[in-house]
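Colleague: First the structure, which I've put down as structure tokens, then a few questions once you've had a look.
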Amino acid sequence: MSRIGKLPIALPKGVEINISDKNVITVKGPKGTLTQNVDSGISINKEEDKLVLVRATEQKRHKAMHGLYRALIASMVKGVSEGYKTEQELVGVGYRAANKGQLLELSLGYSHNVSFELPAEIKVVTSAEKGQNPKIVMESCDKQLLGMVAAKIRSLRKPEPYKGKGIKFTGEVLRRKAGKAAGK
């Protein structure tokens, strides 16, 4: 049995689960609503305040899907009850971030500003305090979407290894390289 797949998913108060006949699961909570299609080889059983996933056979494909869908559904449950948050820093002279609603305006050292339209499911806050790097804080109930958007923003100016300039996640440790040798 899959170590991850066999674990039951606890349902916190305020979270509603709806499982349709076509293996479509809908999770509804205080932070939002998420939907996921589940493979036909995986069945979902609802017991009081728990969800248990059971696979149909011991095929390698079903074993792989068992843990995958358990992890996806657990992330959905956590997302609609608590939500997910990611913070990014802009490290570099003159780097700035500002948001107008769902439009993120970034000044990243290019000849032009970069405009980035965020999906409606993501809430964004930018802050720039004196003496600290500008920050972008994003919150959402969808872990997959939040991670994808954060990675796309980071790809606009990845941190370089010599000075560390670029967009990095808060708390991320960058591997730095030594510069040129001073002289012979």
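The values are calculated or read from the model by the stated rules, or taken from the named source; none is laboratory data. A quick note: this is a predicted structure, and the numbers were derived from the prediction, not measured. With ideal geometry, Cβ positions are generated from the backbone for all residues, glycine too; neighbour counts draw on all protein chains shown. Ligands, DNA and RNA are stripped out before the accessible areas are found, and what is left, the full protein with its side chains, is counted by its heavy atoms. Shrake-Rupley method; radii C 1.70, N 1.55, O 1.52, S 1.80 Å.
Colleague: What is the number of the single condition among (1) touching a residue at least 12 places away in the same chain (Cβ under 8 Å); (2) outside any strand (DSSP E or B) that K46 does not meet?
Modeller: All conditions pass for K46, except number (2).
Colleague: Can I ask one more? Filter region 86-98 down to residues that are over 13 Å from V137 (Cα atoms) and assigned to a strand (DSSP E or B) and give me whichever is least open to solvent (accessible area, probe 1.4 Å).
Modeller: Out of the qualifying residues, it is V91.
Colleague: Follow-up question, since we're still on this one. Across region 116-137, what is the number of residues that are more than 14 Å from K31 (Cα to Cα) and in contact (Cβ under 8 Å) with a residue 12 or more places away in the chain?
Modeller: Of the residues in region 116-137, 13 are more than 14 Å from K31 (Cα to Cα) and in contact (Cβ under 8 Å) with a residue 12 or more places away in the chain.
Colleague: Filter region 55-77 down to the residues that are basic (K, R) and in contact (Cβ under 8 Å) with a residue 12 or more places away in the chain, then identify the one that is farthest from G171 (Cα to Cα).
Modeller: R55
Colleague: State which residue is modelled with the highest pLDDT when the search covers only region 37-49 and only residues that are open to solvent by 90 Å² or more (accessible area, probe 1.4 Å) and farther than 20 Å from S81 by Cβ.
Modeller: Checking each candidate, the answer is N37.
Colleague: How many residues, within region 36-58, are farther than 12 Å from Y69 by Cα and either among the polar types (S, T, N, Q) or in contact with a helix residue (DSSP H, G or I) (Cβ under 9 Å, 6 or more places away or on another chain) (or both)?
Modeller: Residues flagged as farther than 12 Å from Y69 by Cα and either among the polar types (S, T, N, Q) or in contact with a helix residue (DSSP H, G or I) (Cβ under 9 Å, 6 or more places away or on another chain) (or both) within region 36-58 amount to 3.
Colleague: Also, I was wondering about something else. Of the numbered conditions (1) under 14 Å from the mean Cα position of the chain (by Cα); (2) surrounded by 14 or more Cβ atoms within 10 Å (Cβ to Cβ), G166 fails exactly one; give the number of that condition.
Modeller: (1)
Colleague: Are there strands (runs of 3 or more DSSP E) fully within region 99-154 with at least 2 residues that are buried (at least 17 other Cβ atoms within 10 Å of the Cβ)? List them.
Modeller: Filter on region 99-154 gives 103-107, 123-127, 135-140.
Colleague: Restricting attention to region 1-48, which residues are within 17 Å of G79 (Cα to Cα) and among the charged types (D, E, K, R)?
Modeller: K13, E16, K28, K31
Residues checked against (1) touching a strand residue (DSSP E or B) at 6+ places or on another chain (Cβ under 8 Å); (2) in a loop (DSSP other than H, G, I, E, B); (3) surrounded by fewer than 12 Cβ atoms within 10 Å (Cβ to Cβ):
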site	(1), (2), (3)
G5	yes, yes, no
K13	no, yes, yes
I17	yes, no, no
D21	no, yes, yes
V27	yes, no, no
T35	yes, no, no
V52	yes, no, no
E58	no, yes, yes
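Colleague: Further question: Tell me which of these R3 doesn't satisfy, since it passes every other one: (1) more than 22 Å from the chain's Cα centre (by Cα); (2) without any contact (Cβ under 8 Å) to a residue 60 or more places away in the chain.
Modeller: Exception for R3: condition (2).
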